[in-house]
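The values are calculated or read from the model by the stated rules, or taken from the named source; none is laboratory data. Keep in mind that what you see is a predicted model, and the values were worked out from it rather than measured. Methodologically, a virtual Cβ is constructed for each residue, glycine included, from the backbone with ideal geometry; neighbour enumeration extends over all protein chains shown. Please note that ligands, DNA and RNA were not included when accessible areas were found on the heavy atoms of the full protein model with its side chains. Shrake-Rupley method; radii C 1.70, N 1.55, O 1.52, S 1.80 Å.
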Amino acid sequence: GLTVSRSFRRFAVLGGDGVFGIHMVKYLLANTDVERVVSIGRNQRKPPVYSLDVGRDDPRFTYYQAHMVHEHDILMRILDAERPECIINFAALAYATSWTDSYRYYDTNVVSLAKMTEDIRDRDYFGHWMQIGSSEVYGPAVDGPSREDSHPNPTSPYAVSKLAGDLHLKTYADSIGFPTNVIRPSNAYGPGQQLYRVMPRAAYCALTGQRFPLEGGGVAEKSFLHATDLAAAVFAIITDGVNGEVYNAGPESAVSIRRIVEFIADAAGVTMDSFVDMAPGRATEDSRYWLDSTRITEDLGWHATIPLEQGAVEMVEWARDNLDALRAMPQQFSLRS
């Protein structure tokens with residue numbers, strides 16, 4: 001397709017208080033051409049251990065609290081007041097336990113997406129909708145890495161809801177020329193990530209001697225992408241992506257969860273035995289997620305730049321700097337609508 005380079009100066013990041021939204025805001029504010037970044041999340045802003053104090057003292061930045069399912073009207077009022085040209089949507093209910101309250105995943109990931117995009121398409125300030133998709137729409141990558149045109153095989157209500165959102169946007173792009181792209185990233189991580197995720201929890205346990213349960217011995221393989229690399233991929237697509245196109249973004253190879261935990265142990269200067277217990281695997285966990293990122297690399301010149309070893313060091317440094325705050329944080333996931 002014909003690539004037209006786009007340039008935006010005003011951004012809204014939805015789901016902006018999640019770890020990847022925070023790293024996206026940080027990436028945008030580091031760009032001197034950007035004149036405004038608003039971050040919108042369903043909760044009050046998280047404490048600095050998670051928000052990383054991104055945007056503090058930067059007059060270009062404001063955080064707003066609005067729930068996109070229950071407060072659609074408030075969300076639209078914020079957007080109309082701020083007039084962002086580009087909306088980056090990280091907001092989603094996302095967790096492996098979508099078997100319970102599955103309808104909430106559809107409320108957030110499909111219904112509210114349809115309401116927002118239908119309202120925003122007529123606004124004169126609006127220029128692009130950047131959707132953060134999920135590699136889980138492909139299901140397990142048993143026959144090699146998943147490509148954008150691989151047959152979707154979602155294996156959970158969450159993955160079904162993300163695929164439905166992508167397809168909704170595709171019909172918008174194809175039929176009414178709605179300006180949009182979807183990125184499907186591999187598992188991402190970064191400082192500020194919640195403790196129920198693998199890397200932050202491993203880092204916390206390595207430093208405190210708390211036990212880390214290595215599910216299934218850590219043989220499941222996943223591709224891990226640093227949040228900074230993810231933000232760079234999103235920005236590359238916003239700038240140069242072909243309208244309506246989906247782009248995978250991940251590192252070249254998948255790595256076992258056990259290897260990840262070994263990197264963390266090395267970074268913390270401790271042995272695996274000092275904090276790791278073997279635990280049974282999750283019955284519904286896919287054996288491998290792995291993406292073919294040829295399209296974004298060849299068409300947009302993006303590739304992952306931060307090696308896992310370096311990322312593991314960063315995660316351990318973050319956990320060490322915030323140990324007192326982390327001790328007070330919940331370590332289990334709890335679903336809120």
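Tabulated data
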read-out: Matching residues, region 266-302, being farther than 25 Å from Val219 by Cβ, touching a residue at least 24 places away in the same chain (Cβ under 8 Å) and either crowded, with 16+ Cβ neighbours inside 10 Å or of a type in the set (D, E, K, R) (or both); value: Arg295, Ile296, Asp299, Leu300, Trp302
read-out: Candidate set from region 72-96 (those that are under 14 Å from Asp119 (Cα atoms) and without any contact (Cβ under 8 Å) to a residue 12 or more places away in the chain); member that is least open to solvent (accessible area, probe 1.4 Å); value: Ile74
read-out: Counted residues, region 229-261 - those being farther than 25 Å from Leu169 by Cβ and either within 16 Å of the chain's Cα centre (by Cα) or surrounded by 20 or more Cβ atoms within 10 Å (Cβ to Cβ) (or both); value: 5
read-out: Test: Tyr158 is under 30 Å from Met278 (Cα atoms), outside any helix (DSSP H, G or I) and open to solvent by 10 Å² or more (accessible area, probe 1.4 Å); value: no
read-out: Residue match in region 20-30 (condition: open to solvent by 40 Å² or more (accessible area, probe 1.4 Å), within 27 Å of Asp299 (Cβ to Cβ) and more than 21 Å from the chain's Cα centre (by Cα)); value: no
read-out: Output for region 38-71, where each listed residue is surrounded by 13 or more Cβ atoms within 10 Å (Cβ to Cβ) and under 21 Å from Asp107 (Cβ atoms); value: Ile40, Gly41, Arg42, Tyr64, Gln65, Ala66, His67, Met68, Val69, His70, Glu71
read-out: Any hit, region 192-210, residues being in contact with a strand residue (DSSP E or B) (Cβ under 6 Å, 6 or more places away or on another chain) and either farther than 30 Å from Val276 by Cα or open to solvent by 20 Å² or more (accessible area, probe 1.4 Å) (or both); value: no
